[in-house]
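**Q** Questions regarding the structure given below will be posed in turn.
Readers should treat all values here as calculations from the given coordinates under stated rules, not as data from a laboratory. Only a predicted model underlies this, so the values are computations on that prediction, with no experimental measurement involved. With ideal geometry, Cβ positions are generated from the backbone for all residues, glycine too; neighbour counts draw on all protein chains shown.
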Amino acid sequence: MVENDSIGWYVAKTYRQERKIKDLLARMGIEHFVPFHQVVKEINGKRKKVEEPFVNGLIFVRGNKKSCIELINEYGYPMRYLRDFSTRSLLRVPDKQM
């Protein structure tokens with residue numbers, strides 16, 4: 001069983017606002033991860049390299065359970081944490097998998 005006070009990576013759904021939340025977390029000094037990759041798109045008839053999230057709508061936040069929930073309750077971040085289906089607790093990714 002994982003303790004509530006232990007630090008880990010929690011998965012949050014961002015409703016397609018990965019960049020905005022990434023900037024807010026960076027300003028607060030909170031460790032986070034959003035996987036991006038470069039793709040070539042045609043914009044106004046020109047081919048350009050743009051950076052897109054690898055997994056749309058997800059961001060990984062590192063912290064303890066209480067501090068992660070405070071981001072939503074106190075700061076009003078537009079995101080929702082995913083839950084583990086079997087335990088109904090917040091979905092947590094082990095450090096080894098990150």
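**Q** So which GluC sites (Glu not before Pro) in the range 3-84 are both in a DSSP loop and have at most 10 other Cβ atoms within 10 Å of their Cβ?
**A** Numbers: sites: Glu3, Glu18, Glu31, Glu42, Glu51, Glu70, Glu74; in loops: Glu3, Glu31, Glu74.
When the GluC sites (Glu not before Pro) of the range 3-84 are filtered for loop state and at most 10 Cβ neighbours within 10 Å, Glu3, Glu74 remain.
**Q** Shifting gears a bit: Place a point 7 Å from the Cα of Ile72 along the Cα-to-Cβ direction; which residues of the range 79-98 have their backbone N under 19 Å from it?
**A** The answer is 79-94.
**Q** Given +1 on the Cβ of Lys and Arg, -1 on the Cβ of Asp and Glu, and no further charges, what dipole in debye does the chain carry about its Cα centre, rounded to the nearest 20?
**A** On the way: 19 positive and 12 negative charges, 100 e Å.
So the magnitude is around 480 debye.
**Q** A further question follows. With each label point set 7 Å from Cα along the Cα-Cβ vector, what nm distance links Arg47 and Ala26?
**A** With each label placed 7 Å out from Cα toward Cβ, I get 2.8 nm.
**Q** Next question. Compute the angle between helix 18-28 and the longest alpha-carbon principal axis of the chain, please, reported from 0 to 90 degrees and rounded to the nearest 10.
**A** Roughly 60 degrees, rounded to the nearest 10.
**Q** Which translational diffusion coefficient, to the nearest whole µm²/s, is obtained for the chain from the Stokes-Einstein equation, given a Kirkwood hydrodynamic radius over C-alpha pairs, 25 °C and 0.890 mPa s?
**A** Translational D for this selection: 167 µm²/s.
**Q** Right, another one. Would you grab the residues whose amide H sits under 5 Å from the one on Phe36? Only those 5+ places off in sequence or on another chain, please, with H modelled 1.01 Å from N.
**A** Under 5 Å from the amide H of Phe36 lie the amide H atoms of Phe54, each far enough along the sequence or on another chain.
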